[in-house]
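What follows is one structure encoded as structure tokens, with my remarks underneath.
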Amino acid sequence: MDDIPPYPPIDPTTFDLIVIGTGLPESIIAAAASTASKSVLHLDPNPFYGSHFSSLPLADLPSFLYSHSTSPSPPRSPSSDDPNDFYLLEFATRPLYSSIDISTFSPNLLDQHSRKFNLDVAGPRGNLWSVPDSRAAIFKDKSLGLVEKNKLMRFFKLVQGHLAGEQDVKISEEDLQSPFVHFLNKMGLPPKIKSFILYAIAMADYDQEDAGVCRDLLKTKDGIDQLALYNASIGRFQNASGVFLYPIYGQGELSQAFCRRAAVKGCLYVLRMPVTALLVDKDTGCYKGVRLASGQDIFSQKLILDPTFMVTLPLGSSPPLPLKEKLPFFSLKDDKGKIARGICITKTSLKPDISNFLVVYPPRSLFPEQVTSIRLLQIASNLAVCLPGVFVLYISALCNDDDQGKKLIHAVMNTLLTVPLDSESNAAVQSETADFGSAVQDETSESSSGCPSDSGEEKPTLLWSALYSQELTLGQVDFICSTPMPDGKVNYNDLMDTTFKEIYPEEEFFPETSLENPEGDGDASPET
């Protein structure tokens, strides 16, 4: 039995597509390619699905972050000693997380139940005001005056008429191409309502009023599209009154769902399988395949890479000219910045009698130097991500560097939470959670008992937190394609961004299937 290799050989050895990493973008591509009848091999060095989009137990999250925060190992020179006509280019890994800070203020409690948490690595994609996003909400909102309500109603009516194609209320093309904030000013909307629309509904990231710091100025057309998406999402399901849906057990379940879809269509899956090198043709410099940690060579026409991996030319090496010309295409594009993330665990909700909700802090709402929106998503145990009676908060904000990112996250934490500072405070937290067992038995208490209110009740006390910065890498499409890291959005619209269509332009992306004869049902009918 000793001669059995640790990695069994993969058969067949040639595929249309090899995908490395089971993050959400890679899993969607694998599922779409398998649906298009492509032969796909999907590999992941991790023992779990999801990669940088995974949902991990409390005890596993720190080790995952730290394992992807080390500096990349320098690549060795390309080897030409291979018996086949290939050069071997070793993969290097890149650090994708930095400034990691893990704090535990209730170790006994959390250590006991750490496996009952599913924490999303990617996060969500003063007084807390509800956003008046419907006619009924506008009239019920006590924070708006009568004039503000009338202006907001007229604006929503104009947008609805434009989307319905009514010629007498259609927004002009000139206005559609102008900055959205200018159009809102033209409509005479006051600052508070503009803030609602720009940052809580249209989800703008940067200060739209300051062209000097705004890296992404939202056009009116894009703003209207966001309003249409928001409006179309309200009330889609009877038991979900808002516009957001969150996966039960965390967003890592989405990657697994697409992987299951791909497997049904014939995709081959191998976890715990590191990939060590790229196989490149000596004569043409073109990609041919990959070498696995087992030593086996696997070939394919195309390759999708998790953003963890990069391929660069080692210093001092002199490969043949074709390889030197092709290699720049094998390297990842430059990063487009960072996103600061914070995960906090508390025992009480930020808002009384509300379990799951999204909070947006518009630019400059917490301190003058805040030039980006900060988003906070609170999730409760009814989504199976934590214990009953406990709440998970995901905080995220775009930033230029680690220091700026920490300042943004700490500003939210200091505003909304009581953060223990010393051993005496830790003892108070332990005392507060001493009766935690009874809270676990009564799941209905999670959104009603001990919650802070606008009337001055105590803020929730922090039990555990993880703060870190994440690189925002761009995807790349060529013979070798790399997928992007999770961005700062609360949806997944920008993750695919035509990647599949560029890889397989002749194939349809998840074609619709007929419901008259669902796949797998065959012609059989139940007996009567």
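The values are calculated or read from the model by the stated rules, or taken from the named source; none is laboratory data. Since this is a predicted model, take the numbers as computed values, not measurements. Positions of Cβ are generated from backbone atoms using ideal geometry, with glycine treated the same way; all protein chains shown enter the neighbour counts. The protein model used for the area step is the full one, side chains on, heavy atoms only, and it has no ligands, DNA or RNA in it. Shrake-Rupley method; radii C 1.70, N 1.55, O 1.52, S 1.80 Å.
Before moving on, here are some points about what is shown:
- Residue under evaluation Ile339, criteria (1) modelled with pLDDT under 90; (2) open to solvent by less than 50 Å² (accessible area, probe 1.4 Å); (3) under 22 Å from Ser69 (Cα atoms); (4) not aromatic (Phe, Trp, Tyr), criterion not met: (1)
- Count of the range 1-52 residues which are buried (at least 18 other Cβ atoms within 10 Å of the Cβ) and outside any loop (DSSP other than H, G, I, E, B): 24
- Flag if Ser318 is at pLDDT below 90 and touching a Gly at 6+ places or on another chain (Cβ under 8 Å): no
- Of the set (1) open to solvent by less than 40 Å² (accessible area, probe 1.4 Å); (2) modelled with pLDDT under 95, all apply to Asp60 but (1).
- Matching option when the condition is more than 16 Å from Gly488 (Cβ to Cβ), buried (at least 20 other Cβ atoms within 10 Å of the Cβ) and at pLDDT below 95, among Val419, Val390: Val390
- The set of residues in the range 360-383 that are buried (at least 19 other Cβ atoms within 10 Å of the Cβ) and either of a type in the set (D, E, K, R) or part of a strand (DSSP E or B) (or both) comprises Val360, Tyr361, Thr372, Ile374, Arg375, Leu376, Leu377, Gln378, Ile379.
- Taken over the range 387-405, the criterion of being within 20 Å of Lys459 (Cβ to Cβ) and not aliphatic (A, V, I, L, M) is satisfied by Gly389, Phe391, Tyr394.
- Set Gly223, Gly266: member being touching a helix residue (DSSP H, G or I) at 6+ places or on another chain (Cβ under 7 Å) and closer than 30 Å to Pro12 by Cβ: Gly266
- Residues of the range 1-23 that are at pLDDT 90 or above and either among the small types (Gly, Ala, Ser) or farther than 15 Å from Leu43 by Cβ (or both): Gly21, Gly23.
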